[in-house]
Each structure stands twice: as C-alpha cells, then as structure tokens.
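J.: What follows is a structure written as structure tokens; I'll ask about it next.
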Amino acid sequence: MVNLKELAKFFSGITAWESIAHLFFLLSGSPPITIIGITLTPTINIIQVIVPAIVSVILAYYAWLRK
C-alpha cells in the first residue's frame with residue numbers, strides 16, 4: 001500500500017527543484033529560451049518559480065507538519 005505522506009514528501013522535493021531550476025534560469029538572464037518548440041519567456045519563468053514553490057510548501061506541510 002502506498003503511504004500518501006511519503007509520496008507527498010517525494011513530490012514536494014520535485015516541485016521545489018522545479019522552482020529552483022526556473023529561478024536559476026530567470027536570474028541568469030537567459031530567457032527567452034526555446035526548447036523543443038516551447039519558448040520560456042521571463043513571465044512564464046516567474047510563474048514556474050511561484051506556482052511550484054507554493055505547491056511544494058503545501059505538500060511539505062501535508063507530509064511533515066499535518067497530524
């Protein structure tokens with residue numbers, strides 16, 4: 001049986017990494033970047049920093065703090 005708290009911990013780490021990677025792209029001044037036909041603009045990068053960070057915090061709260 002799958003333990004949902006352990007799964008939340010795993011996905012919290014993945015979403016945190018996604019946020020950090022896009023923050024790196026944004027701060028390095030590299031946008032816009034086109035990868036496989038998808039263009040990452042500064043606006044999309046900002047969204048990709050904020051949304052995964054919020055999701056990561058919610059998942060971390062569920063996984064570690066919620067009783």
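J.: Check Lys67 against each of (1) part of a helix (DSSP H, G or I); (2) surrounded by fewer than 12 Cβ atoms within 10 Å (Cβ to Cβ) and name the one condition it does not meet.
T.: (1)
J.: If you scan region 8-52, which residues turn out to be more than 30 Å from Lys67 (Cα to Cα) and β-branched (Val, Ile, Thr)? Even if it seems obvious, please write down each step before you answer.
T.: First pass over region 8-52, keeping only residues more than 30 Å from Lys67 (Cα to Cα): 21-47.
Those that are more than 30 Å from Lys67 (Cα to Cα) and β-branched (Val, Ile, Thr): Ile33, Thr34, Ile35, Ile36, Ile38, Thr39, Thr41, Thr43, Ile44, Ile46, Ile47.
J.: Give region 20-67 a look and list any residue that's hydroxyl-bearing (Ser, Thr, Tyr) and within 26 Å of Glu6 (Cβ to Cβ), or say none.
T.: Ser56, Tyr61, Tyr62
J.: What do you reckon, is Ile35 surrounded by 12 or more Cβ atoms within 10 Å (Cβ to Cβ) and of a type outside the set (Ser, Thr, Tyr)? Give the steps one after another, and end with the answer.
T.: Details: surrounded by 12 or more Cβ atoms within 10 Å (Cβ to Cβ): no; of a type outside the set (Ser, Thr, Tyr): yes.
Answer is no for this residue.
J.: Sort through Lys5, Lys9 and tell me the only one that's in a helix (DSSP H, G or I), in contact with a helix residue (DSSP H, G or I) (Cβ under 9 Å, 6 or more places away or on another chain) and modelled with pLDDT under 95.
T.: Lys5
J.: Filter region 14-38 for residues that are among the small types (Gly, Ala, Ser) and free of Cβ contacts under 8 Å to residues at least 12 places away in the same chain and give the result.
T.: Going residue by residue through region 14-38, those that are among the small types (Gly, Ala, Ser) are 16, 19, 21, 28-30, 37.
Once the filter is applied, which keeps residues that are among the small types (Gly, Ala, Ser) and free of Cβ contacts under 8 Å to residues at least 12 places away in the same chain, region 14-38 yields Ala21, Ser28, Gly29, Ser30, Gly37.
J.: OK, next. Return the total of residues in region 26-61 being under 16 Å from the mean Cα position of the chain (by Cα) and either part of a helix (DSSP H, G or I) or at pLDDT 90 or above (or both).
T.: Let us first name the residues in region 26-61 that are under 16 Å from the mean Cα position of the chain (by Cα), namely 26-27, 40, 42-61.
Going one step further and asking which of them are either part of a helix (DSSP H, G or I) or at pLDDT 90 or above (or both), we end up with 26-27, 42-61.
Residues meeting the conditions: 22.
The values are calculated or read from the model by the stated rules, or taken from the named source; none is laboratory data. Quantities reported herein were computed from a predicted structural model and do not represent experimental measurements. All Cβ positions, glycine included, derive from the backbone under ideal geometry; neighbour counts span all protein chains shown.
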